[in-house]
1. In this structure, is residue 277 crowded, with 16+ Cβ neighbours inside 10 Å, more than 19 Å from residue 439 (Cα to Cα) and touching a residue at least 40 places away in the same chain (Cβ under 8 Å)?
2. Here is a list: 317, 293, 297. Which entry is in contact with a helix residue (DSSP H, G or I) (Cβ under 6 Å, 6 or more places away or on another chain), under 30 Å from residue 420 (Cβ atoms) and free of Cβ contacts under 8 Å to residues at least 60 places away in the same chain?
3. Is it fair to say residue 421 is farther than 30 Å from residue 338 by Cβ, modelled with pLDDT of 90 or more and either surrounded by 16 or more Cβ atoms within 10 Å (Cβ to Cβ) or in contact with a strand residue (DSSP E or B) (Cβ under 7 Å, 6 or more places away or on another chain) (or both)?
4. Only one of these is surrounded by fewer than 16 Cβ atoms within 10 Å (Cβ to Cβ) and either touching a helix residue (DSSP H, G or I) at 6+ places or on another chain (Cβ under 6 Å) or not in a helix (DSSP H, G or I) (or both): 350, 328, 373, 335. Name it.
5. Give region 60-87 a look and list any residue that's more than 20 Å from residue 149 (Cα to Cα) and either in contact with a helix residue (DSSP H, G or I) (Cβ under 6 Å, 6 or more places away or on another chain) or outside the structural domain of residue 171 (by TED's automatic domain parsing) (or both), or say none.
6. Kindly list the number of the only condition in (1) in a helix (DSSP H, G or I); (2) modelled with pLDDT under 85; (3) within 28 Å of residue 223 (Cα to Cα); (4) touching a strand residue (DSSP E or B) at 6+ places or on another chain (Cβ under 7 Å) that fails for residue 130.
7. If I ask for residues that are surrounded by 13 or more Cβ atoms within 10 Å (Cβ to Cβ) and in a helix (DSSP H, G or I), which ones from region 294-316 would you list?
8. Evaluate region 407-419: report whether one residue or more is closer than 30 Å to residue 267 by Cβ and in a helix (DSSP H, G or I).
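The values are calculated or read from the model by the stated rules, or taken from the named source; none is laboratory data. Small disclaimer: the values here were computed from a predicted structure and weren't measured. Cβ sites come from the backbone with ideal geometry, for glycine too, and all protein chains shown count toward neighbours.
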């Protein structure tokens, strides 16, 4: 009874409000992503049955992207786990999605429902999946789509013309999210060569068709070049080696080093599969690695600067520099306020630019003349407002605070900055280590999911 109940809720009825809900989905994606582009959309006929095989692991977000991208109503074959929740379930039903349990009894019922949708000249979407066969080995990732196509062929003779279109998705992931989503419709895969003649082992026919589609996936329009993959594997090996080296360095009397460490072939195979199924994930990995290496490069340069400043080793000198940096700030601020108008005039007049073609003595003469002119104007203004005595004291402070402003600028650039770097280096090192750990954890999660799909212990 439970199976019958489940079968009843997977009938892909066409909802009258499909276009309205699709418009809302497109509007929502207009906020999340800059644009959804569908390349070679003209290959999909305006009417008639068709199967779209997505070279991408299934997700509810992917299903919504496909709904938004294609003008025709589509019926996505999607795992029940991806439709959990009241809102998701409601959206899935209204959009005609076909839920199923990949390892449950309703898998065949879902395939029958998808077959009925094709018989009614509709479009069914099947995602790439990795499942284990009866022998325990992995099945081709397009096995579900091939099984569905074979069922249609067996039901209706002469159904070899049923078009099966591989579709590739480039979906921004992680920090790249918010960019453009691109879908590419590939040429239809001929069913006749794989499923004809009608005689023969159905399982062998399914596997042959699935392998044909998988060969198409290997030529994913968005896959990275082999050179980029090699560089990515080298960077992955480097970050894993760095993590091991720092972990072993914290262990007392640990003598093993990472000199002979090599990236496992299993991880390389997983990266190769991602390049066919989900190149956006590799782009995200590449982005994270690049950001980590850039942060580590900046940290290394800062550490080099700090280690090169031998004066930091003197505790009294560091104390004095900290004291001057703090106590001298009000004096420097007072000097800045006094010379703000003069500085702005020098800047707007181009007298602060270094020009090798100009006479340096004349340039410094003009600078001095401008500053002295503002000194006179400011002293006269002070005398008018506060009296001659106050103006006299104020006049004495102008050159003194101006000279100290120059000194304080040098102090901040060459001493205070290094003092702050010496304090922040330890915290920056901890942040780098945490970022590296998070990256490796995400990497291990993806690797373990791939191992689970293949039935490989980890």
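1. yes
2. 317
3. yes
4. The conditions single out 350.
5. The answer is 60, 64, 67, 68, 82, 83.
6. Of everything listed in (1) in a helix (DSSP H, G or I); (2) modelled with pLDDT under 85; (3) within 28 Å of residue 223 (Cα to Cα); (4) touching a strand residue (DSSP E or B) at 6+ places or on another chain (Cβ under 7 Å), residue 130 misses just condition (1).
7. Hits for region 294-316 are 295, 296, 299, 302, 303, 305, 306, 312.
8. No - not one qualifying residue is present in region 407-419.
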